[in-house]
Amino acid sequence: SFTLYAKWTPKDETEKWENPFVDVNENDWFYENVKYAVRNGLFNGVSATEFAPRKPLTRAMLVTVLWRAEGKPYVNYAVPFTDVRKDAYYFEALRWAASEGIVKGVSESEFAPERNITREQIAAIMFRYAEYKNTAPVGAWAIRLDLSDISDWAVEAVMFCKLRNIMTGDNTGAFNPKNNASRAEAAAILNRFLESGK
């Protein structure tokens, strides 16, 4: 067994949140997650009035969210990817995440920052993030199953996220590893991950 302790101090939840987003309503399943992510500076809207909860999340966006959760650390690290610009909004986030082994490229020289992130990719990154924070399980903790839909490199990470209730699947319990993760799903994943150690 293991416990997940995230060094995270969320903002005071008793303060009223003025929802600026016309596409996020109190009856949406993701309302509390979006509220949490925005209040705590993890996510911004795509505009002043839109969150775009159903829009797919890119690989660059996820790296940026994790970097914000860590307090935007600066590292001196030579990014090995040729498809990223040094003036991109996500560059310092990617530099940090790559230096810590939290993210990997889609190849040795390509990060694919604007590519939509799949659910199994987000699981793998969240698992490596937990390893970075020394909160991931070690040893023979996972039961390896023949999960034909999940890539071999993501099985342990998917199992970790599922067991810790960080990623729960759809309303039928299906994980859908190849589906793109939406911004709302990522907000929910971050909320569950950061709050699970309390």
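Assorted remarks:
- Here the mean projected area of the convex hull built on the C-alpha positions of segment 49-120 is 5.5 nm².
- GNM flexibility winner over the chain from A123, A48, A60 (Cα, springs under 10 Å): A48
- If you run the Gaussian network model on the chain, springs between alpha carbon atoms under 10 Å, then out of A188, A112, A97 the most flexible one is A112.
- Too-long pairs where the Cα-Cα distance tops 19 Å, listed order kept, from K35/K55; K16/K72; K86/K133; K35/K104; K35/K133: K16/K72; K86/K133; K35/K104; K35/K133
- Overall Cα dimensions of the chain, principal axis frame, Å, largest first: 44, 41, 29
- Three principal axis lengths of segment 146-185 [C-alpha, angstrom, descending]: 27, 20, 19
- Across W67, W96, W17, mean-square fluctuation computed from a Gaussian network of the chain (C-alpha pairs under 10 Å connected) peaks at W17.
- Charge dipole (the chain, unit charges on Cβ, about Cα centre) - positive-most of L94, A112, L163: L94
Bear in mind these aren't lab numbers, they're just calculated from the coordinates by the rules spelled out. Computed from a prediction, not measured in an experiment: that's the story for all the values here. Counting neighbours? That spans all protein chains shown, and the Cβs are built from the backbone with ideal geometry, glycine included.
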